[in-house]
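In what follows, a structure is listed as structure tokens, so that the remarks can point back to it.
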């Protein structure tokens, strides 16, 4: 990833900062402790960048928007209170809004480079939890790309960023129960798509074999 640290002004922090919880770092930041915010930046800059790049498909814009997320977070840190919304989820909400504005202002179609993020990362619950060979993985990626955008986003947040259903709900503006339901429907849709394509391929091979016999 392109280095954003110079742009955001992160500094070298006292080692003790790394042992602090996010809420403690937020409280220190509110007192004017820039090193505390620098620690928060270090913790989440990669995840925020990856999320934005996933939504924009453009490294230059992802870098710029990531910097804006942290500048906005730093400027509005006094408004953040931990009322069941983790600091990480608050950052994602800022990122989500900035990306939405980015698309609206430019009237662009959202480009989602799933290969870079889901390939080699996506894991499914049992009995789907198996090692996938290259052909199976390509079939899975093709099936994922056919999903509606909200379901692709859900998979990215769950399997790439390893976020909880509650945190995903904050970002997607859904209840935790709604996220869980959408997740199970998404897995079912993937399974049905893969089974349908596999059955079609088997029929093709069978018909081809009969023609050659």
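The values are calculated or read from the model by the stated rules, or taken from the named source; none is laboratory data. Remember, it's a predicted structure, so these values are computed and weren't measured experimentally. So basically every Cβ, Gly included, is an ideal-geometry build from the backbone, and we count neighbours across all protein chains shown.
Somewhere in segment 92-105, is a residue at pLDDT below 80 and not in a helix (DSSP H, G or I)? No.
In this structure, residue 38 does not satisfy being at pLDDT 90 or above and not in a helix (DSSP H, G or I). Of the residues screened, residue 167 is not one that is surrounded by fewer than 19 Cβ atoms within 10 Å (Cβ to Cβ), at pLDDT 75 or above, in the same structural domain as residue 198 (by TED's automatic domain parsing) and within 13 Å of the chain's Cα centre (by Cα). Would you say residue 57 is modelled with pLDDT under 95, assigned by TED's automatic domain parsing to the domain that holds residue 85 and surrounded by fewer than 19 Cβ atoms within 10 Å (Cβ to Cβ)? The answer is yes for residue 57.
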